[in-house]
Protein chains: 2
Amino acid sequence: MTVPSNPPAAPPVTAPAVTAPALDSPALQDSAFLRACRGEPVPHTPVWFMRQAGRSLPEYRKVREGIPMLEACRRPDLVTEVTLQPVRRHGVDAAILFSDIVVPLKAIGVDLDIKPGVGPVVARPIRSAADLEQLRDMEPGDVSYVAEAVRMLVAELGATPLIGFAGAPFTLASYLVEGGPSKNHEHTKALMYGDPQLWSQLMARLAQITTTFLQVQVAAGASAVQLFDSWVGALPAADYAAQVLPHSADVLGALGETGVPRIHFGVVTGELLGLMGEAGADVVGVDFRLPLDEAAHRVGAGRSLQGNLDPAVLFAPWEAVEARTKAVLAAGRTARGHVFNLGHGVIPETDPDVLTKVVDLVHRESARA
Amino acid sequence: MTVPSNPPAAPPVTAPAVTAPALDSPALQDSAFLRACRGEPVPHTPVWFMRQAGRSLPEYRKVREGIPMLEACRRPDLVTEVTLQPVRRHGVDAAILFSDIVVPLKAIGVDLDIKPGVGPVVARPIRSAADLEQLRDMEPGDVSYVAEAVRMLVAELGATPLIGFAGAPFTLASYLVEGGPSKNHEHTKALMYGDPQLWSQLMARLAQITTTFLQVQVAAGASAVQLFDSWVGALPAADYAAQVLPHSADVLGALGETGVPRIHFGVVTGELLGLMGEAGADVVGVDFRLPLDEAAHRVGAGRSLQGNLDPAVLFAPWEAVEARTKAVLAAGRTARGHVFNLGHGVIPETDPDVLTKVVDLVHRESARA
């Protein structure tokens, strides 16, 4: 497809319906991905990759050339193309909306940008009650271009599910409080530990924004959502339970009313998996550090798992990739349902042909089992 | 002290004795730090901070001005001054040799440098059997300037223990294989998973180098050692057990013959703590994610714990720092012995006065208990 150099005019704002017509498609609802999310028997283990739409693909690098990340996320035609690329190339069982964690913040007017090689940079970090004024409630019309992209995607994808995408309140808070990516999250933790009331207000506002952002995607036809709490592994379990879980639970609870499966993922979350399930996930994403059988034990019955091949393994010779893919599948059989994925996002230097081979292997191996 | 602008001539090489005279000092052996390491009753909980000698101190920034890191590590007078600074300022219960993880590699001739803002950069990354030739055995004479610094320090420190410093084989391997700091360790894991035999040869060479580097420090008078496996939390437990633990155990086993306590630390090691103890540690360092009572359960009886105040907490108001310091002390009472520390290194922007206040609080609180 061709990508016009100017963003199209925003479509008229419409109030989102709770369930979009596409969700009623029997073939879609019967897809391996949605069945695994619900813990139903599957013809094969479904597979997709976090960051499957991205820099590992030459066709992605081509269409993104010269287009800044946040501009790309606001162009429905470009979002559609980039989201579809890994589905076409790898034959994955689900697409995930191409977006960025800070898109909803930018959409309500927070002054931020994504700097190449750095990440999101926030002009005025939030560290006081006055700073909170930067965060107003999100209205569906703020992200009409996202709804438009989802509608275009659902029309193209047919029976392949589209996963909606959002960052969780803690991870959004970390970017806003630090003013950018952070190794130690020291200002975020100083606020959380030093002013729990302000922290709670900040998290409540972010929960509203995230909820609306995901509701818009479901209303437009996304048939699952993934809530990414990328940085939450920096917290001990007790702090997560007291100061993060209630807000993530507000988001996941509201999404539960739409009926779509809710996936919840973060890295370094071995100690948090049970709590992340309790926050309201139907599917708990597991990073590569913990075998899925141990994760199933921590998450408990009644929830499916997603994961968890180490993305670094894809740099090893094929024999090693094959052995470890099979080991993930074997450990995943102990879970209620298993969506095969990496235990972290695709590393940009990954050979995309290896990803395609992993998809084929997962399908072949799991169909035989 | 004044720092000459040229490094002093290397002292004559002497074969290290297994135990240095300073270790016989009753006051030193009776110090709170060494007693806690051995699990004996203490007058107060001893405290020191990882990276206590470093950029958080204005006096450190002053003496390091214009002197590259690796040059600083090779100058016994500078190492002595920098190592003593936090002892003078904070009244910590132990000093740790100022060094860098790549110092022993540089000492045997590996072509590498530490670039400010980046970290160690290796000219020719090790990814094949031929590349291994860069790693010859270490002789004590290769690091005579380190022995000299330790001797100077022990003379100055009196009854305050000096902890010897070295990086563990896995973390050294990661720098060598990646060619520098790495987020995903993909080349390291590709080598480990793809060529276990070459991996084992690499790790065996690094174990020899690390062992000699620490033996030299103990022979010169260090009364404990800490083996830093900074990056090992990137591995699942099964891979750690099969491909890393045996080599770390070789290092810790050899050091055990010297009779000094061996501390072993890494970050994101919640799943590895038991194995890191089994590798031969007398004291297992715990990062900030896991409460010490849970860590004590995982590590088992017969080993002390070190940790684990979150260094980010030091950016919160004092009331929060105080509450969390007391919580760490309370959880630490469940361990055989407890050395209070941070759960990761001091963040450079930390207010050093807060560190001093934490030392005072730990001493006061634990003496009362």
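Each value in this text was obtained by applying a stated rule to the coordinates, not by laboratory testing. Small disclaimer: the values here were computed from a predicted structure and weren't measured. Cβ atoms come from the backbone with ideal geometry, glycine included; neighbour counts cover every protein chain shown.
Roughly how many debye, to the nearest 20, is the charge dipole of segment A:186-293 about its Cα centre, given +1 on each Lys and Arg Cβ, -1 on each Asp and Glu Cβ, and no other charges?
Details: 4 positive and 11 negative charges, 44 e Å.
Here segment A:186-293 has a charge dipole of around 220 debye.
Given the options B:Pro43, B:Pro116, B:Pro104, state which has the largest fluctuation in a GNM of chain B using a 10 Å cut-off (strictly under) for Cα springs.
Judging by the Gaussian network model, the answer is B:Pro116.
Would you please report the Å³ per residue occupied by the convex hull of the alpha carbon atoms in segment B:110-221?
117
When DSSP beta bridges are limited to those with both residues in the protein assembly as shown, what percentage is antiparallel, rounded to the nearest 5?
The answer is about 15 percent antiparallel.
What dipole magnitude, in Debye to the nearest 20, does chain B give about its Cα centre under +1 on Lys/Arg Cβ and -1 on Asp/Glu Cβ? Working shown, then result.
Values: 31 positive and 40 negative charges, 86 e Å.
Its charge dipole is roughly 420 debye.
What are the distances, in nm and sorted shortest first, from the label point of A:Pro26 to the label points of the same position in each other copy, with each label point placed 7 Å from Cα along the Cα-to-Cβ direction?
With the label placed 7 Å along Cα→Cβ, A:Pro26 yields 9.1 nm.
Could you give the spread of the C-alpha atoms of chain A along their three principal axes, from largest to smallest, in whole angstroms?
Principal-axis extents of the Cα atoms in chain A, largest first: 59, 48, 38 Å.
Kindly put A:His185, B:His44 in sequence by how many other C-beta atoms sit within 10 Å of each C-beta, fewest to most.
B:His44, A:His185
Could you calculate, for segment A:93-166, the ratio of the Cα radius of gyration to the Kirkwood radius, expressed as Rg to Rh?
Ratio value, two decimals: 1.07.
How would A:Ser248, B:Ser174 line up from fewest to most surrounding beta-carbon atoms within 10 angstrom?
Details: A:Ser248 29, B:Ser174 25.
Going from least to most buried by this count: B:Ser174, A:Ser248.
Say we join alpha carbon atoms closer than 10 Å with springs in a Gaussian network model of chain A; which of A:Ala219, A:Ala149, A:Ala234 then has the biggest fluctuation?
Of A:Ala219, A:Ala149, A:Ala234, the Gaussian network model singles out A:Ala234 as fluctuating most.
Exposure proxy check: B:Asp93, B:Asp137, A:Asp195 ranked by fewest other beta carbons within 10 Å?
In increasing order of surrounding Cβ atoms, one gets B:Asp137, A:Asp195, B:Asp93.
What residues qualify as long-range amide H neighbours of B:Asn308, i.e. H under 5 Å apart, gap of 5 or more or another chain, H built at 1.01 Å from N?
B:Asn341
If r is the Cβ-Cβ distance from A:Ala241 to B:Arg333 and R0 is 25 Å, what FRET efficiency results, to the nearest 0.05?
Details: r = 23 Å, r/R0 = 0.92.
Approximately 0.65, to the nearest 0.05.
Have a look at the DSSP beta bridges in segment B:140-287 and tell me what percent are antiparallel, nearest 5.
Values: 0 of 11 bridges.
For segment B:140-287, the DSSP antiparallel bridge percentage is about 0.
Can you tell me how much longer the chain between B:Gln201 and B:Asp137 gets when fully stretched, taken as 0.36 nm per residue apart minus their C-alpha distance, in nm with one decimal? Mind showing how you got there, number by number?
On the way: separation 64, 0.36 × 64 = 23.04 nm, distance 1.24 nm.
Answer, rounded to one decimal: 21.8 nm.
How high is the relative contact order of chain B, in percent, counting Cα pairs under 8 Å that sit 6 or more residues apart?
Relative contact order here is 21 percent.
Given R₀ = 45 Å, FRET efficiency for B:Ala301-B:Ala123 by Cβ-Cβ distance, to 0.05? Show your work: numbers first, answer last.
Working: r = 46 Å, r/R0 = 1.03.
It comes out at approximately 0.45.
Which percentage, to the nearest 5, of the DSSP beta bridges contained in chain B is antiparallel? Let's see the in-between values first.
Values: 4 of 26 bridges.
In chain B, approximately 15 percent of DSSP beta bridges are antiparallel ones.
Say each of A:Arg88 and B:Glu322 gets a label point 7 Å from the Cα, pointing the same way as Cα to Cβ; how far apart are those two points in nm?
Each label point is offset 7 Å from its Cα along the Cβ direction, giving 6.4 nm.
Only loop residues by DSSP count here, and only those with at most 16 other Cβ atoms within 10 Å; note down the trypsin sites (Lys or Arg not before Pro) in segment B:180-245 that meet that.
Here the trypsin sites (Lys or Arg not before Pro) that fit, given the DSSP loop and packing criteria, are B:Lys183.
Take chain B, mark every one of the GluC sites (Glu not before Pro) that falls in a DSSP loop and has at most 14 other Cβ within 10 Å, then report the longest stretch left between them, sites excluded.
The reported range is B:66-256.
With each label point set 7 Å from Cα along the Cα-Cβ vector, what nm distance links B:Lys183 and A:Glu59?
A separation of 2.5 nm, rounded to one decimal place.
Report, as an integer, the average count of C-beta atoms from other chains found within 10 Å of each Cβ along A:184-195.
Average neighbour count from other chains, rounded to a whole number: 6.
Charges only on Cβ, +1 for Lys and Arg, -1 for Asp and Glu: so what's the dipole of the protein assembly as shown about the Cα centre, in debye to the nearest 20?
About 80 debye.
Between A:Gln306, A:Gln52, A:Gln197, find the one with the highest GNM mean-square fluctuation for chain A; connect C-alpha pairs within less than 10 Å.
A:Gln197
So for chain B, taking the charge dipole from beta-carbon charges (+1 Lys/Arg, -1 Asp/Glu), which of B:Gly141, B:Leu314, B:Leu191 sits furthest toward the positive end?
Farthest towards the positive end: B:Leu314.
Can you run the Rg to Rh ratio on the protein assembly as shown? Use alpha carbon positions and the Kirkwood inverse-distance Rh.
0.99
Using r as the Cβ-Cβ distance of B:Ala130 and B:Glu156, and R0 as 35 Å, what FRET efficiency do you calculate, to the nearest 0.05?
0.20
Given a cut-off of 28 Å, name the pairs among B:Lys62/B:Lys183; A:Lys189/B:Lys189; A:Lys189/B:Lys326 whose C-alpha atoms lie farther apart than that in the structure shown.
B:Lys62/B:Lys183; A:Lys189/B:Lys189
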